Amino acid sequence: MEIYSLQDRSADAWHRAIDQHMSRAFSSVLCFAPDADWHEDHAYSRYVTGLPDPYGNIVWNAQLGDRPTDSAIAEILAPITSCNAPALWIAGPTSNPSDLSERLLEHGFVSGHAVPAMAVDLGEVASAPIPPGATFEEVCDDEALASWIDVVGVGSGILPEVAAAFGYWPKHLGLSSRAPMRAFLGMLDGTPVSSSMLFLDSGIAGIYCVATKPEARGKGFGAAITTLPLLEARKAGYKVGVLQSSAMGESIYKKIGFQTFGTIPIMFRPVSAD
């Protein structure tokens, strides 16, 4: 597998690469989660639980091309509209048609937020300061995984059942420092309060599921729990780290050294859409 450097692609190409990496990460995380309607083919990926949480009902990687787009969108949304669940549709630069976001507005979606697509040269990443009372570890057993799921749920503000689905990946990828997906925990005085995930794919290291419980925010956990997996990726020979930032995290990531290469639109479907 080719290992990329930040100079290997144009800014536009990195924008698309970050979007593609996120699509593969979502598929790897959610594909075997139980109690969900899972669909993935050449045209789109969809994960539907019917739960009242938009992160439990997600569509991404739409490749609708010349299909009758309005009917295609209605077909894709059928399991979501049938239970009137809130949903997210990731309409990034590698999705098509190019006016997908505008088409989704006609199907009851609203503009959610455009997340910055960011990348960093791992050779320039330095260890972050350790907050007082903090320790960090890699998730390596079921007990730690349960704590990680709890932090992801509470720190991200998503339902526990939805957070649990994001922790199902070890069932098919395993818990190992040699696995393509690895999870990390930050503790404050021994209590788990911060989380992150590293996904190594297509020569690029991606950071996902960065979350911190409210009581530990503003202490430096965000930078530390993001930097730890980046340094692990560098040890493995990777040269570039990527992520999609929240509004809360963007300034933290810029201090680490991340640059922004465009944004990825996230469309939101409220339960009152139909």
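Treating the beta-carbon of each Lys and Arg as +1 and of each Asp and Glu as -1, no other charges, what is the dipole magnitude of segment 120-263 about its Cα centre, to the nearest 20 debye?
The calculated dipole for segment 120-263 is roughly 420 debye.
Relative to the present Cα-Cα distance, how much length would full extension add between Ala78 and His39 at 0.36 nm per residue of separation?
Between Ala78 and His39, full extension yields an extra 12.8 nm.
Which distance in nm do the two modelled labels at Asp142 and Ala13 give, with both placed 7 Å along the Cα-to-Cβ direction?
Each label point is offset 7 Å from its Cα along the Cβ direction, giving 4.6 nm.
Helix 221-235 sits at what angle to the longest principal axis of the chain, using alpha carbons and giving 0 to 90 degrees rounded to 10?
So the helix axis and the longest Cα principal axis differ by about 80 degrees.
Under 26 Å Cα-Cα from Lys213, which lysines qualify once same-chain neighbours fewer than 8 residues away are excluded?
Lys171, Lys254, Lys255
Take peptides 193-201, 25-33, 247-255, 167-175 and line them up by average Cβ neighbours within 10 Å, highest first, as a rough protection proxy.
Ranking the peptides 193-201, 25-33, 247-255, 167-175 by packing returns 193-201, 25-33, 167-175, 247-255.
Relative contact order, percent, of the chain when contacts are C-alpha pairs under 8 Å separated by at least 6 residues?
Averaging sequence separation for qualifying contacts and normalising by length gives 29 percent for the chain.
Between helix 69-82 and the chain, what is the angle of the helix's C-alpha long axis to the longest principal axis, kept within 0 to 90° and rounded to the nearest 10?
70 degrees
Asp201: net charge of surrounding residues, Cβ under 15 Å, Lys/Arg +1, Asp/Glu -1, itself excluded?
On the way: positive: Arg16, Arg24, Arg178, Arg182, Lys239; negative: Glu2, Asp19, Glu232.
For residues surrounding Asp201, the net value is +2.
Can you find, among Gly155, Ser71, Gln259, the residue farthest towards the positive end of the dipole of the chain? Put +1 on the C-beta of Lys and Arg, -1 on that of Asp and Glu.
The residue sitting most towards the positive pole is Gln259.
Go through Met197, Leu175, Ala233 and say which Cα lies farthest out towards the positive end of the charge dipole of the chain; charges sit on Cβ, +1 for Lys and Arg, -1 for Asp and Glu.
Ala233
Pop a pseudo-label 7 angstrom from the Cα along the beta-carbon direction at both Thr191 and Ala114 and give the gap in nm to one decimal.
About 4.0 nm, to one decimal.
A short reminder: the numbers here are calculations on the coordinates, not readings from a lab. Since this is a predicted model, take the numbers as computed values, not measurements. When we count neighbours, we look across all protein chains shown, and the Cβ atoms used for this are built from the backbone with ideal geometry, even at glycine.
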